[in-house]
Amino acid sequence: MISDPFLKWAATVAFLVTAVFWLARAGSRSASVAGRFTGALHVVMSLAMLTMVWPNLPGVTATVGMTVFGVAAAVFVALLGTRREHRVENGYHALMMATMVWMYAVMDPSIVGGVHSMSGGGSMDMGGGMTMSMPMSTTMHLPGWAGYLDLAIGLVYLGFAAAWVAYAYHEAHAHDRAHRLTGAMQAVMAVATAAMFLSYTG
């Protein structure tokens, strides 16, 4: 879980913005069936990430999350093997869904062998007979191999973000607003996802 307040709110804004963008794309009259499916999955992924940024929000169990995104990954793998067009996008989306499966696994200590520990809490003397209660915080301690895998995935997503920016402003798409906006939103989502994985390295 992201502990830094600035990064936490930055990730929150990023996932809210991408959820709204992909919801609009999925609901567009001109969207294809594949476009609606992809857009809907991006919305689900953004909302799922929000529940991970803010654990007090209602979410789903690790089993449900892993099943949903596992099926989605399988669909994109099937599209990758049966359709010649959009292979790069389908491969990227298959990887996105697979890493979401892993993210849910990381959040469940019983799956990867992590340990939740509580810190903070108690109260602080403010003087004059006044005390202020301190909130408890939860920290996830992962096995070394899982932390290194999260680090690798986070760095890969940063690479994806750079690639999406390059795609958005490639000369062939320099004057295409739709391509620029899509590339920008993909980059924002990739950076926010990278921040999530990099926060789960310990």
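Just a few scattered comments:
- Qualifying residue in segment 65-73 (condition: at pLDDT below 90, of a type in the set (A, V, I, L, M) and surrounded by fewer than 16 Cβ atoms within 10 Å (Cβ to Cβ)): no
- Test set (1) in contact (Cβ under 8 Å) with a residue 60 or more places away in the chain; (2) buried (at least 17 other Cβ atoms within 10 Å of the Cβ); (3) of a type in the set (S, T, N, Q) - THR38 fails condition number: (1)
- Scanning segment 9-30 turns up no residue that is among the basic types (Lys, Arg), part of a helix (DSSP H, G or I) and under 13 Å from the mean Cα position of the chain (by Cα).
- Here GLU89 fits the description: part of a helix (DSSP H, G or I) and of a type in the set (Asp, Glu).
- Segment 182-194, residues that are in contact (Cβ under 8 Å) with a residue 60 or more places away in the chain and of a type outside the set (Val, Ile, Thr): MET185, MET189, ALA192
- Failed item, numbered, when SER3 is tested on (1) in contact (Cβ under 8 Å) with a residue 60 or more places away in the chain; (2) not in a loop (DSSP other than H, G, I, E, B): (2)
The values are calculated or read from the model by the stated rules, or taken from the named source; none is laboratory data. Since we're looking at a predicted model, the values are computed, not measured. Note that we place each Cβ from the backbone using ideal geometry, even for glycine, and neighbour counts take in every protein chain shown.
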